[in-house]
């Protein structure tokens with residue numbers, strides 16, 4: 001630890017409690033709304049996923065009285081169970097947001113906590129947005145502190161699992177109007193449950209780890225409010241959060257410019273529901289597909305040059321199910337070339353088993369090259385008739401260099417809501433989220449996201 | 001990790017599912033009963049502790065229908081909340097069991113899980129005991145694998161927090177008759193929540209970390225049964241439990257002699273509700289107190305020679321509250337000398353504030369000496385009239401060299417139950433626990449532990 005301890009816990013409590021929405025720059029508020037729109041859409045799109053169905057079936061027998069809505073579903077349940085299920089739905093399709101530096105997915109647990117609380121007590125839209133922004137900001141900074149240079153972390157931890165409970169507890173503390181001392185204790189109680197290990201990736205536990213964090217963070221705020229005690233310096237203390245989750249933490253990532261420079265501005269949104277390192281390949285595949293409209297049999301060979309990270313994380317040529325498919329570049333390139341689309345249907349078990357797609361996965365050749373940037377890829381497709389089409393992608397859609405535009409985010413929301421809400425209801429929810437700063441009652445968002 | 005991966009996850013599933021009670025040696029079954037009697041008493045004694053009251057107040061608004069009893073209290077609640085509250089009560093007085101090598105407190109989370117399940121479905125006493133034993137065994141071995149040489153772990157992790165969820169999930173898997181594959185998945189789901197950091201020690205979060213583990217373990221079994229997926233090798237996999245929680249794990253501690261050599265035989269029980277390294281000092285202080293019956297003012301000086309671990313962990317001369325008092329050797333030596341007792345009343349805020357005790361804490365001098373064994377201490381007390389009494393302790397009461405006898409455990413149980421259950425009810429519960437192998441319905445234990 002540093003010679004002069006950095007009081008990260010107290011600093012995050014100040015950020016959460018003492019930053020009026022009006023003190024946040026306009027671009028920060030706008031990015032908060034973009035993050036919220038994106039994650040609400042993801043939650044609607046994931047609400048009826050098998051993992052959500054099964055988790056709800058497992059937990060409903062233990063759940064309490066109906067305090068909060070399950071978004072994209074008809075049920076209501078106790079706020080803690082709702083926080084878990086709604087976070088799960090938000091991340092189950094791997095379609096949620098990603099902080100570009102920290103590789104953490106901050107919005108789901110904070111959104112779920114904010115909406116569950118808004119259904120329990122009066123919360124204005126402006127306060128909900130402010131709480132959401134401070135929670136996301138805290139998560140991005142905490143995750144950087146244990147994983148981004150000069151910090152030295154370990155890829156073995158799920159950053160979303162370990163960092164998001166504290167961010168959710170901060171959003172809850174603000175909405176519950178806890179004082180500074182109690183908020184610092186809420187951070188400590190949330191830190192007691194900070195957890196998530198990468199061995200579980202590629203299974204239902206991938207979204208379960210943020211789900212646990214969302215629930216733990218909300219619960220921590222209630223427990224702190226009830227007088228449960230904890231460390232007031234849980235992040236920076238000896239044997240604390242930072243020391244446990246990084247070989248060399250860098251707590252200045254939490255405190256430097258806090259409230260002035262905003263990490264939420266580095267948040268990015270996925271155009272495709274799969275590992276972010278596959279995205280430039282999908283940009284290329286979709287472009288070639290639109291140009292050539294090839295039948296599966298017409299494609300003789302696909303040659304790819306990619307950043308090594310793409311193969312390190314997404315090396316599976318023949319994924320055995322949807323969760324492995326989320327991290328298989330072969331599946332997504334093949335499906336995008338054949339179908340000319342790369343949405344949720346292209347990652348299902350059915351799409352993975354589709355014979356034309358499965359066969360094409362075997363005709364894809366990947367070479368890695370560190371000279372290809374993370375947000376780029378080169379692709380050449382040779383057809384059986386001898387034609388050859390190639391495409392070079394730099395700054396793929398959704399990257400920091402070429403962010404998703406508001407209209408693209410709205411379209412993504414609409415696509416996710418399709419089949420879950422009727423079109424006028426989906427449109428009304430989107431409009432309410434875009435105009436959250438003017439909502440009298442943030443709980444209206446949760447109610448509008450319920451499905452009949 | 002080892003060259004040949006050790007299949008610890010599958011091995012623990014086999015232990016949990018394929019070990020009939022009759023295949024466990026008689027001394028193992030007897031130690032299981034001793035662990036159970038001890039932890040039931042601890043739970044009754046802690047049931048009305050402030051931390052339990054406040055946690056129940058915080059969580060009751062979210063709790064579900066009454067499925068399981070809160071031991072030592074009148075309420076019933078959903079099984080997951082009961083698992084949390086009962087584990088919390090079991091450890092809140094730091095009076096529970098300790099595996100002598102791993103410094104983990106295994107019984108609370110497993111007991112709470114077993115009893116909650118026994119109230120939901122028919123469970124015989126024999127099966128409850130077997131499930132309890134395999135859960136405890138798994139925890140002791142897992143904790144050794146990440147903390148005991150040749151493993152290299154980190155004192156920053158709460159061993160009880162990180163290991164106990166998996167043990168509880170195994171006990172639950174057995175009682176729910178899950179198959180091997182589903183049990184391995186339950187281990188993975190529990191591992192997703194493995195958490196607990198030492199920075200929070202000395203606060204209500206000390207018992208909250210095992211409480212979270214007990215709840216997470218029970219929930220993991222229900223989620224696995226519902227079809228949620230996870231890694232089947234969560235303990236030994238790359239980026240898995242062992243790699244995350246140890247610099248150098250030693251998974252042979254999990255698998256070597258599993259089902260033949262029993263770690264539960266290394267479980268120990270505290271005669272005093274405080275840090276185990278203080279115990280030899282208390283033996284000495286009580287003996288001198290009984291001999292001299294000194295008034296507080298009559299004690300001029302207390303000289304101690306102790307193992308360095310006693311001061312490393314319990315150095316606080318003037319604890320500010322009960323939770324710091326649990327790890328203050330000064331408090332316990334002073335209180336034991338003055339009162340001739342070292343029970344729960346000697347560690348309360350009131351006892352810490354008592355002027356005679358507080359003043360005596362300043363007249364205690366501690367020298368550390370690595371030649372003094374962990375289970376030993378030397379003490380000399382000089383009275384104002386010039387008399388000097390000394391006492392050398394080796395193999396203090398409750399150590400592996402001088403275990404608590406059954407009669408001492410029964411007396412500890414009786415003392416903890418006093419004021420919670422009426423004497424005949426306490427006696428009946430103790431007899432039922434001692435005879436658990438012959439109980440038709442293990443839920444009778446939970447019902448008998450309810451308080452009017």
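Summary table below
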{"quantity": "Taking the convex hull of Cα positions in the protein assembly as shown, its mean projected area over all directions (nm²)", "calculated": "36.6 nm²"}
{"quantity": "Centre separation in Å (Cα based) which lies between the range A:208-254 and the range A:296-365", "calculated": "38 Å"}
{"quantity": "Zone residues, the range A:361-380, relative to residue A:149, backbone N less than 19 Å from point 7 Å out along Cα-to-Cβ", "calculated": "A:369-376"}
{"quantity": "All Cα pairs of the range A:276-393, percent lying beyond 18 Å", "calculated": "42 percent"}
{"quantity": "Nm distances between copies for residue B:156, ranked from closest, using label points 7 Å along Cα→Cβ", "calculated": "1.2"}
{"quantity": "Within 10 Å of each Cβ in B:148-160, the average number of Cβ atoms from other chains", "calculated": "1"}
{"quantity": "Among A:332-342, A:239-249, A:368-378, B:20-30, the order from most to least packed when residues are scored by Cβ within 10 Å on average", "calculated": "A:332-342, A:239-249, A:368-378, B:20-30"}
{"quantity": "222 nm mean residue ellipticity, helices alone, for chain A (DSSP H n ≥ 4; -39,500 (n - 2.57); rounded to 500)", "calculated": "-15500 deg cm²/dmol"}
{"quantity": "Inter-copy separations for residue A:75, label at 7 Å along Cα-Cβ, nm, ascending", "calculated": "2.3"}
{"quantity": "Cα-based Rg of the range A:135-264 normalised by 2.2 N^0.38 Å, two decimals", "calculated": "0.99"}
{"quantity": "For residue B:408, inter-copy label distances in nm, listed shortest first [label point 7 Å out on the Cα-Cβ vector]", "calculated": "7.0"}
{"quantity": "Tilt relative to chain B, helix B:406-417 - C-alpha long axis, 0 to 90 degrees, to 10", "calculated": "90 degrees"}
{"quantity": "Alpha-carbon gyration tensor eigenvalues x 5, square-rooted, for the range B:61-145, Å", "calculated": "24, 16, 10"}
{"quantity": "Average beta-carbon neighbours from other chains, 10 Å sphere, peptide B:227-238", "calculated": "5"}
{"quantity": "Residue A:341-residue A:48 pseudo-label distance in nm [points 7 Å out on the Cα-to-Cβ vector]", "calculated": "1.5 nm"}
{"quantity": "The range A:191-283: mean projected area of Cα convex hull, nm²", "calculated": "8.8 nm²"}
{"quantity": "Average Cα contact separation per residue, the range B:154-227, under 8 Å, 6 or more apart, as relative contact order %", "calculated": "50 percent"}
{"quantity": "Chain A, relative contact order [Cα under 8 Å, separation at least 6], %", "calculated": "21 percent"}
{"quantity": "Among A:55-66, A:191-202, the order from most to least packed when residues are scored by Cβ within 10 Å on average", "calculated": "A:191-202, A:55-66"}
{"quantity": "With Cα atoms, 0 to 90° folded angle of helix B:329-339 axis to chain B main axis", "calculated": "60 degrees"}
{"quantity": "Chain B, rotation onto A, residue closest to that axis via Cβ, with its distance in Å", "calculated": "B:195, 2"}
{"quantity": "Förster radius 35 Å - calculated FRET efficiency between residue B:440 and residue A:226, Cβ distance, rounded to 0.05", "calculated": "0.35"}
{"quantity": "Ranking of B:96, B:441 by count of other Cβ atoms within 10 Å, fewest first", "calculated": "B:441, B:96"}
{"quantity": "Degrees between helix B:125-147 axis and first principal axis of chain B (Cα, 0 to 90, nearest 10)", "calculated": "70 degrees"}
{"quantity": "Calculated Rg and Dmax of chain A using C-alpha coordinates, Å", "calculated": "21.6, 73"}
{"quantity": "Sites residue B:318 and residue A:318 - FRET efficiency at Förster radius 51 Å, r taken between beta-carbons, to 0.05", "calculated": "0.20"}
{"quantity": "Average beta carbon contacts from partner chains per residue of A:53-63, 10 Å cutoff", "calculated": "6"}
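Bear in mind these aren't lab numbers, they're just calculated from the coordinates by the rules spelled out. Because the structure is predicted, anything quoted here is derived from the model rather than measured. In this analysis, Cβ positions are derived from the backbone assuming ideal geometry, glycine residues included, and neighbour counts consider all displayed protein chains.
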